[in-house]
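Derivation of every value follows stated rules applied to the coordinates shown; laboratory data play no part. Not measured: the values here are computed from a predicted model. Counting neighbours? That spans all protein chains shown, and the Cβs are built from the backbone with ideal geometry, glycine included.
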Amino acid sequence: MALAERKNFRGGGLDASWISAVALFSPRSRMSLFSHHDLHQFIADYGYWAIALFVGLESMGIPLPGETILIIGAGYAGSHGGSLALVTLSAALGAIIGDNLGYVVSRQLGTRFLQRYGSKIGVTPARIKLGQYLFMRYGGKVVFVGRFIAVLRFLAAFLAGTNRMLWPRFLVANAAGAIVWATVVAVAAYSLGRGIHAIRGPVGLITFALAVAALVAIFLYLRRNEAAMQAAAEKALPGPVV
């Protein structure tokens, strides 16, 4: 961050409307160990690095308020002369790097863990192979869409790595999702300013309802078609689980 911009970031606190508005995209923020004032202070002290760090750690699977700090940072940049482009770039790079680190770790350790302990929680070798098959077919969509859903945002890389999704496909879907997500959230927070809290309720409710409906539909479909899909997985991925 340029010195002038850093001074602008340190120029003052967020008003009450901004403190309430960040909940629009970040329902988990209220359960965070960090208050919105703490996040504001991180931005004031470390600028764009704070955004990249929080988003990156969240993407690695640590439940930190990455999206919340992006919203605060973008809104603060809009009102204090910061750079929207650098806010967006910081979030996108943090998401891409964090997701790829999470992918590498889970690819190395996730499958071994499930093979050793999965049977204790109902994850049989056939179900492990089914997960790999589903990610082979639909992994790109899961990774891309997961960037916009709170829980999947810090689980997508873990699931992709554990289910042995090919890294080039993961990288493309992950980078595309990170760039679109960072741009949409940052532009919305930067542009709407105080008005963002006016649409918080409807957008939050619709997003939550759609996510729940999608998860329920997927669960029911897998439950009813598990045997047939396991057969398809065995045909596509013959042999022992690797």
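Give me the number: length gained by fully extending ILE121 to LEU237, i.e. 0.36 nm times residue separation minus the C-alpha to C-alpha distance, one decimal in nm. Working shown, then result.
On the way: separation 116, 0.36 × 116 = 41.76 nm, distance 2.29 nm.
Gain on stretching ILE121 to LEU237: 39.5 nm.
Return the FRET efficiency for the residue pair PHE219, VAL184: r is the Cβ-Cβ distance, R0 is 41 Å, and the value is rounded to the nearest 0.05.
Working: r = 28 Å, r/R0 = 0.67.
Once the sixth-power term is evaluated, E becomes 0.90.
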Inset, instruction - Quickly rank 178-188, 210-220 as a protection proxy: mean count of other C-beta atoms within 10 Å, highest first. - result: 178-188, 210-220
Inset, instruction - Determine which residues of the stretch 129-160 fall in the zone a paramagnetic label at MET229 would reach in this model, i.e. backbone nitrogen under 12 Å from the point 7 Å along Cα→Cβ. - result: 129-139
Legend entry - Karplus 3J(HN,Hα) series, Hz, for the stretch 69-85 with 6.51 cos²θ - 1.76 cosθ + 1.60 (x for Gly, Pro): 5, 5, 5, 4, x, 5, x, 5, 4, x, 9, 10, x, x, 9, 4, 4
Inset, instruction - Please list 148-159, 44-55 highest first by mean number of surrounding beta-carbon atoms within 10 Å per residue. - result: 44-55, 148-159
Inset, instruction - Based on the mean of other Cβ atoms within 10 Å per residue, sort peptides 168-174, 59-65, 91-97, 231-237 so the most packed one is first. - result: 91-97, 59-65, 168-174, 231-237
